[in-house]
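First comes the structure, then the notes that go with it.
The values are calculated or read from the model by the stated rules, or taken from the named source; none is laboratory data. Remember, it's a predicted structure, so these values are computed and weren't measured experimentally. Ideal geometry is used to build each Cβ from the backbone, glycine not excepted, and the neighbour counts take in all protein chains shown.
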Ligand SMILES: *Cc1c(COP(=O)(O)O)cnc(C)c1O
């Protein structure tokens, strides 16, 4: 019997479950004749802001634009330095570079894959203006420590929430120092990603855990001035038509995507819960596999990706073996941002990030993934490790 292929991500079960709602929403937009901004976008912005517990949500064209516009709206200008993680999708550092600022990387923590706050203070200079943590794979970054340091040095904090819609901070710290403030931790605990820093930047790229059927992004903030600037920047620097005040962008969330996202917003908490269950099942099935490190399944993690570390230099062989057996497993990310050709030679080495980039492997993950399919993935993965 030939086995079916198992992709890294299957979006079809989700569409099948909500297709009537989606078609009604799309039809409503088609009938309205209003496709750019307008009431559908306003409604989604209101609903998303309420869901996330923020004052303002501003729809934009992509997660990358949310970062770029968010950085500019937060006052980051050419020559500034922004501290971030080397271990992320390139859009993180690219956005910093695109506004003329300089990304300054600090190494990550091998367990959470997030930036290690214990390293931030040493990276701060007179030019540092912001810290940009990424809630990678849906796992909230150690925000109490980040915000503590930011307050101490009057830095802005921008959260890259592209992989973490609905993720919740649960008070996690990394290498906690005595200075780690319990009061900040208490104040932040229970807050959503994107509701803790000065700016949150979300992506609705179709594969994200809240995905549109095309490109889309969102900026969140509790700051009125940042919100106004972001609204200005997304429409050519003008709040009033033909009254352009500064150089902006054409970066709007379109009405069709907003209507689709409005439908999906009603389901995303349930989907995130299902993702956590899928992750817990993987962890149970993979307990005690030698040479493999599984991620912690915490209550606030939304498992945009379920990512293991394959030790002893076996990762590439294991990935190939899985591919031969029809199982999609992907490496996010094989090359840390600082090592990409675009930054060739500009940065020192970040050893943990390098090590992790050579070990990570993301397994098939979507909310409707069924346990028997996971069992097959795990059986083949165990064979792969034994054979490597
Ligand atoms: C996807 C992603 C982005 C960019 O989002 P787009 O909508 O594709 O522009 C930024 N940062 C991270 C961490 C991402 O995963």
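Restricting the stretch 116-142 to residues that are in a strand (DSSP E or B) and touching a strand residue (DSSP E or B) at 6+ places or on another chain (Cβ under 6 Å), which is farthest from residue 331 (Cα to Cα)? Write out each step before concluding.
So the first thing to find is which residues in the stretch 116-142 are in a strand (DSSP E or B), and the list is 128-132, 134.
Narrowing the set further to residues that are touching a strand residue (DSSP E or B) at 6+ places or on another chain (Cβ under 6 Å) leaves 128, 130-132, 134.
On the way: 128: 31, 130: 29, 131: 26, 132: 23, 134: 17 Å.
Among those residues, the one meeting the criterion is 128.
Do you know which residues across the stretch 47-94 are under 25 Å from residue 358 (Cα atoms) and within 11 Å of the ligand (Cβ to nearest atom)? Spell out the reasoning first.
We begin by selecting, within the stretch 47-94, every residue under 25 Å from residue 358 (Cα atoms); these are 83-94.
Selection gives 84, 85, 87, 88, 89, 90, 91, 92, 93, 94.
Considering only the stretch 239-247, I want to know if a residue exists there that is touching a strand residue (DSSP E or B) at 6+ places or on another chain (Cβ under 7 Å), farther than 30 Å from residue 301 by Cβ and surrounded by fewer than 21 Cβ atoms within 10 Å (Cβ to Cβ).
We begin by selecting, within the stretch 239-247, every residue touching a strand residue (DSSP E or B) at 6+ places or on another chain (Cβ under 7 Å); these are none.
Among the residues of the stretch 239-247, not one is touching a strand residue (DSSP E or B) at 6+ places or on another chain (Cβ under 7 Å), farther than 30 Å from residue 301 by Cβ and surrounded by fewer than 21 Cβ atoms within 10 Å (Cβ to Cβ), which makes the answer no.
From the set of residues in the stretch 360-388 that are without any contact (Cβ under 8 Å) to a residue 60 or more places away in the chain and touching a strand residue (DSSP E or B) at 6+ places or on another chain (Cβ under 9 Å), which is surrounded by the fewest Cβ atoms within 10 Å (Cβ to Cβ)?
Pass one, the stretch 360-388, residues without any contact (Cβ under 8 Å) to a residue 60 or more places away in the chain: 361, 370, 372, 379-380, 386.
Still in the running and touching a strand residue (DSSP E or B) at 6+ places or on another chain (Cβ under 9 Å): 361, 380.
Working: 361: 23, 380: 20.
Per the stated criteria, the residue is 380.
Identify all residues within the stretch 249-283 that are surrounded by fewer than 16 Cβ atoms within 10 Å (Cβ to Cβ) and within 25 Å of residue 236 (Cα to Cα); write none if there are none.
250 - this is the single residue of the stretch 249-283 that is surrounded by fewer than 16 Cβ atoms within 10 Å (Cβ to Cβ) and within 25 Å of residue 236 (Cα to Cα).
Consider residue 131 carefully, then state whether it is buried (at least 18 other Cβ atoms within 10 Å of the Cβ) and within 16 Å of the ligand (Cβ to nearest atom). Write out each step before concluding.
Working: buried (at least 18 other Cβ atoms within 10 Å of the Cβ): yes; within 16 Å of the ligand (Cβ to nearest atom): yes.
Spelling it out, residue 131 is indeed buried (at least 18 other Cβ atoms within 10 Å of the Cβ) and within 16 Å of the ligand (Cβ to nearest atom).
Can you tell which of 361, 369 is more than 16 Å from the ligand (Cβ to nearest atom), assigned to a strand (DSSP E or B) and modelled with pLDDT of 95 or more? Don't jump to the end; show me each part of the working.
Details: 369 fails: assigned to a strand (DSSP E or B).
Among 361, 369, only 361 is more than 16 Å from the ligand (Cβ to nearest atom), assigned to a strand (DSSP E or B) and modelled with pLDDT of 95 or more.
Condition first: under 24 Å from residue 171 (Cα atoms), within 12 Å of the ligand (Cβ to nearest atom) and part of a loop (DSSP other than H, G, I, E, B). Can you find one or more residues in the stretch 95-107 that meet it?
Residues of the stretch 95-107 under 24 Å from residue 171 (Cα atoms): 105-107.
From the residues that got through so far, the ones that are within 12 Å of the ligand (Cβ to nearest atom) too are none.
No, because not a single residue in the stretch 95-107 is under 24 Å from residue 171 (Cα atoms), within 12 Å of the ligand (Cβ to nearest atom) and part of a loop (DSSP other than H, G, I, E, B).
For residue 231, state whether it is crowded, with 18+ Cβ neighbours inside 10 Å and more than 26 Å from residue 74 (Cα to Cα).
Working: crowded, with 18+ Cβ neighbours inside 10 Å: yes; more than 26 Å from residue 74 (Cα to Cα): no.
No: the conditions fail for residue 231.
Would a scan of the stretch 65-82 turn up a residue that is buried (at least 24 other Cβ atoms within 10 Å of the Cβ), farther than 20 Å from residue 236 by Cα and in contact with a helix residue (DSSP H, G or I) (Cβ under 9 Å, 6 or more places away or on another chain)?
Within the stretch 65-82 (the criterion being buried (at least 24 other Cβ atoms within 10 Å of the Cβ), farther than 20 Å from residue 236 by Cα and in contact with a helix residue (DSSP H, G or I) (Cβ under 9 Å, 6 or more places away or on another chain)), the answer is yes, since at least one residue qualifies.
I want to confirm something. Restricting to the stretch 292-310 and keeping residues that are under 15 Å from residue 274 (Cβ atoms) and crowded, with 22+ Cβ neighbours inside 10 Å, which single residue is nearest to the ligand (Cβ to nearest atom)? First the steps, then the outcome.
Here is the first cut: in the stretch 292-310, the residues under 15 Å from residue 274 (Cβ atoms) are 297, 299, 301-306.
Subsequent filtering for residues that are crowded, with 22+ Cβ neighbours inside 10 Å retains 301-306.
Working: 301: 15, 302: 13, 303: 14, 304: 8, 305: 9, 306: 15 Å.
This residue is 304.
Just the residues that are within 18 Å of residue 227 (Cα to Cα) and not in a helix (DSSP H, G or I), please, taken from the stretch 18-51.
37, 38
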